[in-house]
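Readers should treat all values here as calculations from the given coordinates under stated rules, not as data from a laboratory. None of the values given here were measured: they were computed from a predicted structure. Please note: Cβ atoms are built from the backbone with ideal geometry, for glycine as well, and neighbour counts cover all protein chains shown.
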Amino acid sequence: MIDAVQLAQNLVNGFGLGLIYGLIGIGFCVIYNASGIVNFAQGVFVMLGGMVCHTLLSRLGLPISAAAVLTIPVVAVIGILMEILIVRPMWNRGASTFAIILATLATQMLIEQITLLTLGDQPRTYDSFTAGGPLKLGGVAISYQLFWVLGFGTLMVAGLWLFFTRSRMGRALRACSQNAEAAALLGIPVKRMLLASFALSAALGAIAGILVTPSQITAYNVGTPYGVNGFIAAIIGGFGSASGAVAGGLLLGILQAFAIVAFGAGFKNVAALTVLLIVLLVFPNGIFAGVKSLWARRT
Amino acid sequence: MASAPPLLELRDLSASYGHVQALKPTSLTVAEGELVTILGPNGAGKSTLLRAVTRLTPGTGQILFQGRDVSRLATHRLSELGIIMVQEGRGLFSQMTVRENLILGGYNAGGDRVLLEARLQQVFDLFPRLKERVDQLSSSMSGGEQQMLAIGRALMAGPKLLMLDEPSLGLAPRVAAEIIATLGELNCSGLGILLVEQKAPLALRLAKRVYVLSLGRVAVELPANEIGSHHDLARYYLH
């Protein structure tokens with residue numbers, strides 16, 4: 001028999017984790033929207049966000065606000081280096097998108113090993129941004145960190161939507177993904193846009209990592225599960241849509257939480273992959289595009 | 001007094017795809033305010049020539065724009081100078097609206113909203129149908145409307161030289177005639193145009209000079225009004 005309080009607690013936890021998956025999914029969308037490339041190293045930006053922030057807190061004794069603000073550009077620079085050293089040379093030589101995607105996967109493994117060698121294999125975490133808590137509602141405990149995740153998640157989705165639809169640079173990034181040659185012919189510096197997309201995507205991953213580390217541990221190897229779940233979130237929401245990625249992440253996080261309560265923790269990933277398979281079978285372009293097209297057919 | 005340099009001058013421009021030389025050393029000029037047409041059958045190197053000028057396909061040889069050597073500039077820098085190309089197949093951003101496509105056309109204007117609005121108004125005056133469909137996705141428009149959008153978007157960039165690769169391809173004769181007539185209007189207002197067409201009696205009426213490409217090189221260069229006196233060319237291109 002499912003315990004109602006335990007279920008509610010898991011759903012709250014799943015909601016928080018789902019938001020993080022959504023934020024990681026947005027990172028996938030940013031690079032995909034600018035280049036058509038799926039960056040499988042997105043998860044390491046999340047890992048680096050937590051690891052760099054932890055290092056700044058523990059080794060330099062910085063307050064969390066300063067450590068977080070410093071971590072974001074550090075990880076963004078790593079994203080820029082990845083674009084310059086790995087992606088751009090392949091792009092310039094006319095490598096296929098498939099080959100570049102495989103290279104991003106290799107880069108993920110490389111960065112993980114470098115992190116292991118430099119920072120060690122010990123899992124680590126740090127305190128929530130706001131001391132105290134959790135907030136008790138009935139028997140359900142809601143950590144203050146969840147509110148930080150919720151607040152930043154909302155801000156980032158709104159900010160990115162405005163960026164991609166209203167700003168000159170955001171539109172140019174979308175133009176590059178739809179037709180890079182046409183974009184260049186109109187004066188858009190396509191290579192610079194690709195670089196910007198990696199910086200932005202890495203920064204978004206770092207923010208997700210900084211936010212999630214107080215409630216989940218971080219370690220050199222957490223990038224892969226975060227990356228996989230973020231990727232699934234982006235696919236469920238319809239690859240390329242920031243709000244779709246967040247909605248996909250929430251759906252995934254909540255379903256995983258339900259699967260843990262109903263079938264045990266071992267079924268968490270089974271639930272994620274089952275959801276992915278069902279969505280891909282029924283709605284190949286993502287759940288929201290699918291529902292929209294069904295709605296259009298009915299009206 | 002020295003005469004002004006041509007708007008565009010190509011000196012022995014050639015381009016290859018791998019080991020295949022699609023464009024053999026080719027020289028041509030377009031004067032300020034002139035409309036020049038390039039004709040030729042499929043595979044003659046017409047599209048490659050435009051791609052080589054815009055550096056979408058790397059080439060060798062010299063490209064002079066208003067007397068300045070621009071052979072080494074990247075595609076987006078050429079656009080900043082005023083060399084704008086409308087690709088074969090239109091090259092629209094299919095998941096964006098008409099307005100978004102047009103605004104991206106004015107990317108070089110920076111954040112100058114006044115300039116963008118003025119150019120937008122000019123495009124709507126030229127193609128009123130685009131104004132009616134301003135919030136529609138470009139992919140949902142007819143072929144003729146998409147071609148109008150492609151030309152309108154190019155005009156948003158403030159071109160000095162407009163290059164078009166087969167703008168009438170796939171269009172109904174009436175719509176193609178409408179598009180070509182608009183190009184004529186633009187040329188009358190002083191815009192230099194380099195127009196690539198496969199068979200284009202309408203384009204020949206507007207053009208001052210014609211280059212006929214064959215097997216990757218210029219086979220004939222002549223004033224457009226003389227093409228009728230060349231029996232073979234007239235049979236192929238005017239009928």
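Here are a few things to note about the model shown:
- Look at the dipole of chain A built from charges on Cβ: of A:G290, A:A234, A:A183, the Cα furthest out on the positive end belongs to A:A183.
- For q = 0.15, 0.17 Å⁻¹, Debye-computed log10 I/I(0) when each Cα of the range A:4-298 counts as one equal scatterer: -1.19, -1.47
- Length released on extending from A:K136 to A:I84, taking residue separation times 0.36 nm less the Cα-Cα span: 13.9 nm
- Rounded to 10°, Cα long-axis angle of helix B:143-156 versus longest principal axis of chain B: 90 degrees
- A full extension of the chain between B:R129 and B:K208 corresponds to an added length of 25.5 nm, given 0.36 nm per residue minus the alpha carbon distance.
- Dipole axis of the protein assembly as shown (+1 Lys, Arg; -1 Asp, Glu on Cβ), positive-most option in B:L169, A:L195, A:Q42: B:L169
- Under-5 Å amide H pairs with B:R217, H placed in peptide plane, nonlocal only: B:K24
- The protein assembly as shown: C-alpha pair distances exceeding 44 Å, %: 30 percent
- Note on A:F98 and B:S189: the model spin-label points, each 7 Å out from Cα along the C-beta direction, lie 4.7 nm apart.
- Most to least packed among A:167-173, A:38-44, A:183-189 [average Cβ atoms within 10 Å]: A:38-44, A:183-189, A:167-173
- Cα-based reach from B:K24 at 27 Å (exclusive), listing lysines while leaving out same-chain residues under 8 positions away: B:K46, B:K160, B:K199, B:K208
- Rg(Cα) / (2.2 N^0.38 Å) computed for chain B, rounded to two decimals: 0.99
- Per-residue [θ]222 nm for the protein assembly as shown (sum of -39500 (n - 2.57) over DSSP H runs n ≥ 4, rounded to 500): -18500 deg cm²/dmol
- Label-to-label distance for B:A74 and A:M109 is 3.2 nm, based on points extended 7 Å past Cα in the beta-carbon direction.
- Residue list for the range B:3-37, given a label point 7 angstrom along the Cα-to-Cβ vector of B:L215 and an amide N cut-off under 14 Å: B:21-25
- Shielding by other protein chains, A:162-172, mean Cβ within 10 Å: 2
- The distance separating the Cα centre of the range B:108-128 from that of the range A:160-212 comes to 24 Å.
- Relative exposure of A:F98, A:F147, A:F45, A:F231, judged by other C-beta atoms within 10 Å (fewest first): A:F98, A:F147, A:F231, A:F45
- From least to most packed, judged by other beta carbons within 10 angstrom and beginning with the fewest, B:R11, A:R166 follow the order A:R166, B:R11.
- Karplus-derived 3J(HN,Hα) values for the range A:272-286, using 6.51 cos²θ - 1.76 cosθ + 1.60 with θ = phi - 60°, are 4, 6, 5, 4, 4, 4, 4, 4, 5, 5, 8, 10, x, 9, x Hz; glycine and proline are entered as x.
- Once you reduce the range A:218-259 and the range B:170-221 to the center of their Cα atoms, the two points are 52 Å from each other.
- Cross-link partners of A:K191 among aspartates and glutamates, defined as those whose alpha carbon lies under 19 angstrom from its own and excluding same-chain residues fewer than eight positions apart: A:E83, A:E181, B:E80.
- Here A:S58 and B:Q198 are evaluated by their C-beta separation; at R0 = 51 Å the FRET efficiency comes out at 0.15.
- Protection-proxy order for peptides A:17-24, A:58-65, A:99-106, each taking the mean of Cβ atoms within 10 Å per residue, highest first: A:17-24, A:99-106, A:58-65
- Mean-position separation - Cα centroids, the range A:1-53 and the range B:41-77, in angstrom: 46 Å
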